[in-house]
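**Q** Would you mind keeping the following structure in view while I ask a few things?
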Number of protein chains: 2
Amino acid sequence: MTEKELNLKTAALEKISHLDYFNIAISVDCVIFGYENKELKVLLIKSDLEEFSGLYSLLGDLVRPDEDLESASYRVLADRTGMEDVYLEQVHTFGSIARHPSGRVITTAYYSLIDITHHKLQLNHNDLHWHSVNDIKKLAFDHKLILNTCLKRLRDQIMENPVAFNLLQDKFSLRELQEVYEAILDIKLDRRNFRKKIALKDWLQDLNEMETNLSHRPGKLYALKKQYKTSRVRSMAG
Amino acid sequence: MTEKELNLKTAALEKISHLDYFNIAISVDCVIFGYENKELKVLLIKSDLEEFSGLYSLLGDLVRPDEDLESASYRVLADRTGMEDVYLEQVHTFGSIARHPSGRVITTAYYSLIDITHHKLQLNHNDLHWHSVNDIKKLAFDHKLILNTCLKRLRDQIMENPVAFNLLQDKFSLRELQEVYEAILDIKLDRRNFRKKIALKDWLQDLNEMETNLSHRPGKLYALKKQYKTSRVRSMAG
DNA sequence: AAATTAATGTGTCGTAAGTACATATTATGT
DNA sequence: ACATAATATGTACTTACGACACATTAATTT
């Protein structure tokens, strides 16, 4: 190392080391919801930390200096699911001092809704699996809290905004839609009242098609009106 | 510099520099709302950055390695207003790459509601002033966006949760309360319907007292029921 | 081809909340 | 005593919500 290099590095070092504030890392964690078998699922991975061996955790990563928070979330999503245009919404930032055993890491949580049937991915590798939300008892880090917070947000959203549709394929029957709502809210709904409520929102387009391959009377098929289709959600400017 | 010192510093430098992720700083910004003269106000300070000379900014600070996000927000609040037990709620985290001219800073925004009359503070020092929300055109950084986001959250909240009361003194008349709502929502409300709606919530306790020192018929005084008094808001384990 | 099955599709009634709107009441000031 | 300027309150209409029952249809079985 030349003297010049040394001086440069030393200067940089001084600058960095007195900025204690940079000793906090920031990550994003994605609560990726899916829907299958009338159950709400979430995508989890086996934790790679010793402290949490045997436990699952959400999908996340450190935010890189050259990407904004949403880019980081979309990167995590694309890396893990291979899907690009998905619904994603920021929920909350968790910053307890001791939330990460390896150091100070503040994390911003996003929730995401994806159509699980479009997701025939590298699932069998690397311990990545869909878990029924109702069956999850314990997660690594504070990820159970993050999951609960995101689930609450999702529940608050679905009656106000047409987001639940992101869990379904493009065409669906009202029965399927109701089952999605029941899975998310974890309650039974009255069919007639549910249909009235949905009709009132005017979110749906009647496709004049019917379900097929059923062993009973098929229902009509609907699609979410184009104007409500959310791929990438409006950015709050990052 | 001895060889030993050099080696130490170099080692530390290597360690830090390969941890690019720590090159992001994290801050909190507080949108501190107050209410005065039938107007919703927000506490702003003159920006100390050259790039924003002449502009005002929200109150914020870098998060210290040994404090969590909420502690940092309360610290900012206490430092600037001298008030301890205030309503504070996390709203959103803003992480655009270029949002801070001096470097990469991700900020978590909180909004806070305080009783402005309990706040006879060091206002005249250091360019700290209350500004009418409606008059604010431009702020430093992305603080206008943060303000708008927090204002929207506040507006969404006040009909659902008894938070607007934090802007008023302990005892207030229904007229005063309505004026607070009108200031926040920036609309006129019908007096009879407003009272019906508030009565329905069952938030208020009739104090059997009257307003005084008015030049007209005084109204009854009410207080928020104890069970709803929010000093420090429930932590999301933040 | 007729009957059965298992689901879809729809309507009513009572209740609760939202909105528009007008009159009586009361403490104060003259 | 009277005028004033605000408080306090009620009704009618409309809209949403929740509980609830029956007719219809396509597929399947007999």
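The values are calculated or read from the model by the stated rules, or taken from the named source; none is laboratory data. Every value quoted in this text rests on a predicted model; they were computed, and no experiment measured them. Cβ placement follows ideal geometry from the backbone for every residue including glycine, while neighbour counts extend to all protein chains displayed. Calculation scope for accessible area: heavy atoms of the full protein, side chains included, ligands and nucleic acids excluded. Shrake-Rupley method; radii C 1.70, N 1.55, O 1.52, S 1.80 Å.
**Q** For chain B, with a Gaussian network of springs between Cα atoms less than 10 Å apart, report the residue from B:ILE184, B:ILE198, B:ILE146 with the top mean-square fluctuation.
**A** Looking only at B:ILE184, B:ILE198, B:ILE146, the biggest GNM fluctuation is shown by B:ILE198.
**Q** How many nanometers, to one decimal and shortest first, lie between the label point of B:MET159 and those of its other copies, if labels sit 7 Å from Cα toward Cβ?
**A** 1.4
**Q** Roll a 1.4 Å probe over the protein heavy atoms and report the accessible area of A:THR149 in Å², nearest 10.
**A** Roughly 20 Å² of A:THR149 is accessible to a 1.4 Å probe.
**Q** Between the label point of B:GLN227 and that of the same position in each other copy, find the distances and list them shortest first in nm, with every label point placed 7 Å from Cα along the Cα-to-C-beta direction.
**A** 4.3
**Q** For chain A, modelled as a Gaussian network with Cα springs under 10 Å, which listed residue fluctuates most, A:PHE165, A:PHE22, A:PHE94?
**A** Of A:PHE165, A:PHE22, A:PHE94, the Gaussian network model singles out A:PHE22 as fluctuating most.
**Q** Report the Cα centroid-to-centroid distance between the range A:76-110 and the range A:46-68 in angstrom, as an integer.
**A** About 8 Å separates the Cα centre of the range A:76-110 from the one of the range A:46-68.
**Q** Let me ask something else about it. Hey, what angle do you get for helix A:191-201 against the long axis of chain A, alpha-carbon based, 0 to 90 degrees rounded to 10?
**A** 60
**Q** Helix B:69-81 against the longest principal axis of chain B: what's the angle in degrees, Cα atoms only, rounded to the nearest 10?
**A** 70
**Q** List the distances, in nm to one decimal, from the label point of A:GLU182 to the label points of the same position in every other copy, shortest first, placing each label point 7 Å from Cα along the Cα-to-Cβ direction.
**A** Result, one decimal in nm: 4.9.
**Q** If you don't mind, there's one more thing I want to ask. Under 10 °C and 1.306 mPa s, how fast does the range A:17-169 diffuse according to Stokes-Einstein, given a Kirkwood radius computed over C-alpha pairs? Answer in µm²/s, whole number.
**A** Rounded, D is 99 µm²/s.
**Q** Next question. Among B:GLY60, B:LEU151, B:LEU139, whose Cα lies farthest out toward the positive end of the dipole of chain B, if unit charges sit on the beta carbon of Lys, Arg (+1) and Asp, Glu (-1)?
**A** About the Cα centre, the residue reaching furthest to the positive side is B:LEU151.
**Q** At 1.4 Å probe size, with every protein chain present, just tell me what the per residue accessible area of chain A comes to in Å².
**A** 52
**Q** Another question, if that's okay. Can you classify the protein assembly as shown as rounded, prolate or oblate using the Cα gyration tensor, where a ≥ b ≥ c are the square roots of its eigenvalues, rounded means a/c under 1.5, and otherwise it's prolate if a/b beats b/c and oblate if not?
**A** Oblate.
**Q** Describe numerically, in nm with one decimal, the distance between label points set 7 Å from Cα along Cα→Cβ at A:GLU182 and at B:LYS38.
**A** If labels sit at A:GLU182 and B:LYS38, their model points lie 5.3 nm apart.
**Q** Are there any trypsin sites (Lys or Arg not before Pro) in the range B:75-181 that are in a DSSP loop and have at most 15 other Cβ atoms within 10 Å? List them by number.
**A** Answer by residue number: B:LYS120, B:LYS137, B:LYS138, B:LYS171.
**Q** Continuing with the same structure: Using a Gaussian network model of chain B with C-alpha springs under 10 Å, which one of B:GLU176, B:GLU209, B:GLU36 is most mobile by mean-square fluctuation?
**A** Comparing B:GLU176, B:GLU209, B:GLU36 in a Gaussian network model of chain B, the most mobile one is B:GLU209.
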